[in-house]
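Input: a single structure, listed below in structure tokens.
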Amino acid sequence: MRLGLDVGGTKTDAVAVDEEDRIVARVRVRTGWGREAVVATILDAIAALRAEGSFGHDAVASVGVGIPGLVDAEGGRVLHAVNLGVQELDLAAAVREVLDVPFAVENDVKAAALGAAALHGDPPSMAYLNLGTGVAAGVVVDGALWRGARGTAGEVGHISVDPRGRLCGCGQRGCVETFCGGGAVAKAWGRPGDLPVLDVFDAADAGDPAAVALRDDIAYGAASAVRILVLSADVETVVLGGGLTALGERLQSVVTRRLREEAEASAFLRSLRLDERIELLPAGSPAAALGAALVGAAHERFGTEKGAGSHG
Ligand SMILES: [Zn+2]
């Protein structure tokens, strides 16, 4: 059994995957805040998975965790996960105290990219574009993550597409994320409400000019990210996931429309058929947790020496 956990800001989605990569158990638990609570959440989710799938500790071959933030994938450490209240955490060591099996941690978007590719039957090339509070992508080539030299590959949220645009948290102006990141949209909208992006779409439908402008921004940002991913990696498919995709067809239609408008103005873009390459990750998809399980399973193949070595 390979276990995979997607530790999100509010909930943790966990799956147990058998040798044929089939999901045999799935549970969701609430995510705690801070180092101890995050470790407790992970151990609780593993216990809940074992109960759900009726298997013991000895049946667990590996554990993989996807977590939002910076990770040291090889060392099994979380270096910076602001949304979880974690600065630095040796997750591998904490989990190994309870379950001594190969363990790996990966950035949640990269893990979700792997899972989405697996659910797609591992196509030759695919990108997963996460439209959440922030914006980032994972590129999967022949079933493996494309990380680049320093792990920056896929950070399309911080490519500027408007030098005079809104200031981004990263210090640049007009980053893709300032157009279609949920956090930036909420800030620009500036009105109260728990679901600001949904409010923007509703108000835009009702004709509110500020909301229409923000909805256009979201479409422009997401379309730009798709264009960047295809032009830099020529991925056959860009799967859109993350919190904004809860809007479903309402989101996809504005992004598709924007891509078609851009294609009308450019024979070159028209030839790329960008509008035909995008897909929405279905609501409730286990892609992120499945991807985490695959990350853990990859460590299993390399053996435990690497993990043990990094902890002396
Ligand atoms: Zn930025």
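Miscellaneous remarks
- Beta-bridge orientation, the chain: approximately 60 percent antiparallel, per DSSP, counting only bridges with both partners inside.
- Debye, to nearest 20: dipole size of the chain, +1 on Lys, Arg Cβ, -1 on Asp, Glu Cβ: 640
- Cα gyration tensor, the range 200-245 - rounded (a/c under 1.5), prolate or oblate: prolate
- Charge context of A93, other residues only, Cβ under 13 angstrom, K/R +1, D/E -1: -2
- Size descriptors for the range 93-242: radius of gyration and Dmax over Cα atoms are 17.4, 57 Å.
- Choice from S232, S285, S253 showing the highest fluctuation, given a GNM over the chain with Cα pairs closer than 10 Å: S232
- Calculated [222 nm] ellipticity per residue, helices only, for the chain: -13000 deg cm²/dmol; basis is -39500 (n - 2.57) per DSSP H run with n ≥ 4, divided by all residues, nearest 500.
- 1.4 Å probe accessible area per residue over the chain, in Å²: 45
- For G76, residues with placed amide H under 5 Å, excluding near neighbours: V105
- Portion, in percent, of the accessible area of the chain that falls on carbon or sulfur, probe 1.4 Å: 51
- Think of the range 1-143 as a dipole: +1 on every Lys or Arg Cβ, -1 on every Asp or Glu Cβ, centred on the Cα centre; then among A112, G132, F55, G132 lies furthest on the positive end.
- Net charge in the neighbourhood of A293 (other residues with Cβ under 9 Å of its Cβ; Lys, Arg +1, Asp, Glu -1) is 0.
- The range 222-272: projected area of the alpha-carbon convex hull, averaged over directions, in nm²: 3.5
- The range 51-131 shape via C-alpha gyration tensor axes, a/c threshold 1.5: oblate
- In terms of its C-alpha gyration tensor, the range 79-174 has an oblate overall shape, because the principal axis ratio a/c (a ≥ b ≥ c, square roots of the eigenvalues) is not below 1.5 and a/b does not outweigh b/c.
- Amide H contacts for G66 (H built 1.01 Å from N in the peptide plane; partners 5 or more residues away or on another chain; cut-off under 5 Å): L5, D6, V7, E106.
- Area projected by the alpha carbon convex hull of the chain, averaged over all directions, nm²: 16.3
- 10 Å Cβ shell holding at most 11 others, DSSP loop, GluC sites (Glu not before Pro): longest site-free stretch of the chain: 98-312
- Cut-off of 10 Å, at most 13 other beta carbons, DSSP loop: longest stretch of the chain lacking such trypsin sites (Lys or Arg not before Pro): 23-149
The values are calculated or read from the model by the stated rules, or taken from the named source; none is laboratory data. Since this is a predicted model, take the numbers as computed values, not measurements. Backbone-built Cβ (ideal geometry, glycine too); neighbour counts: all protein chains shown. Each accessible area value is taken on the protein alone, full model and side chains, heavy atoms only, with ligands, DNA and RNA left out. Shrake-Rupley method; radii C 1.70, N 1.55, O 1.52, S 1.80 Å.
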